[in-house]
1. Have a look at Glu246, Glu255 and point out the one that is open to solvent by 60 Å² or more (accessible area, probe 1.4 Å), at pLDDT 90 or above and among the acidic types (Asp, Glu).
2. Taking the conditions exactly as written (in contact with a Cys (Cβ under 8 Å, 6 or more places away or on another chain) and modelled with pLDDT under 90), does Gly430 satisfy them or not?
3. Checking Gly238 against (1) modelled with pLDDT under 90; (2) touching a His at 6+ places or on another chain (Cβ under 8 Å), which single condition isn't satisfied?
4. Restricting to segment 75-107, name every residue that is part of a strand (DSSP E or B) and not aliphatic (A, V, I, L, M).
5. Consider segment 23-71. How many of its residues are modelled with pLDDT of 50 or more and assigned to a loop (DSSP other than H, G, I, E, B)?
6. Given (1) closer than 21 Å to Arg329 by Cβ; (2) open to solvent by 50 Å² or more (accessible area, probe 1.4 Å); (3) touching a residue at least 60 places away in the same chain (Cβ under 8 Å), identify the lone condition not met by Ser453.
7. Take Ser527 and tell me if it is over 21 Å from Ala334 (Cβ atoms) and either within 32 Å of the chain's Cα centre (by Cα) or surrounded by fewer than 16 Cβ atoms within 10 Å (Cβ to Cβ) (or both).
8. Mind listing whichever residues of segment 443-499 are touching a Phe, Trp or Tyr at 6+ places or on another chain (Cβ under 9 Å) and polar (S, T, N, Q)?
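The values are calculated or read from the model by the stated rules, or taken from the named source; none is laboratory data. All values reported here derive from a predicted model rather than from experimental measurement. Don't worry about glycine lacking a Cβ; one is built from the backbone with ideal geometry, like all the others, and counts go over all protein chains shown. Note: areas computed on protein heavy atoms with side chains; ligands, DNA, RNA excluded. Shrake-Rupley method; radii C 1.70, N 1.55, O 1.52, S 1.80 Å.
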Amino acid sequence: MPQQFIEPTRYDFVESLMLERTGFLDSFSVEGRTSGGMNGDKDGIILVQNNQIFITPPLSGGKPARISAVHPVVLKINWKTVTEPTEVTSADHITWEICEKPQYQITVSPDKLKVHFTLYRAEKYAWNLVNCPASFEAAVRAEPNRAMLLSTLTIEQILSSLDNRSILRNLNIPALYAELNNPTYLPVCIAEGRAPLPGKKSRLQLSLPEHTLTGNGMLQGGRTAEAADSLDFLRFPGAPFAREGEVFARKLPPEEGIPGFDVEGGILPPPPPQDIYFAAGDNARLLPNGEIAALRTGRPRICGDSGSVTTCDFPALCLITKEMAATAREIMFAGDIVVPSDIEGPMCIEALGNVYVYGNVCQSTITATGSIYISGQVTGCSLHTGLAGVHQHRLHRFSSLLLTEVGGLREAARLLAKNVESRQQSVKYGLVVMLLLEDKYSHIECLISDLKSALLCMEGTPQPGTDQLKQMLEVFTHPGQFTEFITDSVLNSFFRLLRNLCEDIELLQEEHVFINIARSHNSILESGGELILRDADAETV
């Protein structure tokens, strides 16, 4: 809860006048005095007049009068606050007071960086009790007396309620004056500290030597795709590429932030900057000065997303021939994919790396956990890179869907087995799973089939654990043949293998991703990083 500085504003009025049934009360109306019983004339009576409360005791056989209060009136009978209708006699000591909302409130934000002033009312008036005719039961009310102004809130009163010197030293006096003179009745910031400035976390900075900026010259027509070496296809202008022994990146150390201070004068230290752990593959080396050198010629793949671990390797390359580009309908590869010709489509290309197309692309879907570079025009296509490429990749999409369903299957099997055992009946866990797969979770069969197809289509070095996962997929494709084998532990292993596949693909999300194309028409371009359209007249969707 925020700290509060509240000015107490309360009137105290004390009056207890006990009268006999004769005399003063005879001059007032007593229409409401009866209680409705046979002895109504013998009951006690309450009268509120001229800010005074008059009470007569009951006669023999009558009941004491009952009194209550309506906010902001606070009644005390014999020095105890009354919260509900209470019987009262001439022997009781009665006081009343007004407990109204303060004129203003000063709050300090939870982070102690701001102090707010909220004005409720600038004027303070006297309060009068509302006259009430003589009756057996009375609810005491009060209303402000607009003809009797007691005081008007001043800046000096506000300052006197602030005993914190640091807040006073940083107080925005003009803001206070403005609110008092032209009230908005909204919180107004009247003092402010300074938040600490966070530092910079450690990161990798790519170096782009001159040959990466010019590329392989294919866009200028200086070379033909047929004559190029396979690695030379990776030298798309502006795309990271390193020769053996060349420094292609630098690990920048973390930078400390700048401390701040709160409204009370306390120092606010900046959060410690995050360092990263760099893991180099077999073809990269981290030098003592923080530079990263290539141990082979190729395309460095730097992955890490927003975590504290960054990895670097040189992925495998898949070169698609013109014949394959003309006839294939889907290509999935665990590395970079190069297409040195037009793609007429429809075609689906999915890469755990970059995709390079030297030509135009029509009616196709290209998904990459890295970047997509296309020399020509994109028409009627869907391109996804970086994080978007991870989520659209079929291996990740099918495994994550199946992961959710297997988690539900395991929980349902556990509950069903427990329910059967509670009836003193034995049950085979594998049989329970089989029955669930045939009924409530029959849709898992289609998800397993989709994931098996995606794994079969994947070329290149498979992800770790995919062989075990394929075996598990076969088991749950034919659960009736493995009822003795399927246990909760086996189902948990299946769940863990699916989760590992999802996480392995997520770790292949690259840090610096692009969609780099000449033009686009009627296409969906979803980049996890930058989007570069080399033709100013490009039209995108």
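1. Glu255
2. No, not satisfied.
3. Evaluating Gly238 over (1) modelled with pLDDT under 90; (2) touching a His at 6+ places or on another chain (Cβ under 8 Å) leaves (2) as the failure.
4. Within segment 75-107, Lys76, Lys80, Thr81, Thr86, Glu87, Thr95, Trp96, Glu97, Cys99, Tyr104, Gln105, Thr107 meet the criteria.
5. Here the count works out to 16.
6. (3)
7. Here the answer is yes, as Ser527 does meet what is asked.
8. Hits for segment 443-499 are Ser453, Thr483, Thr487.
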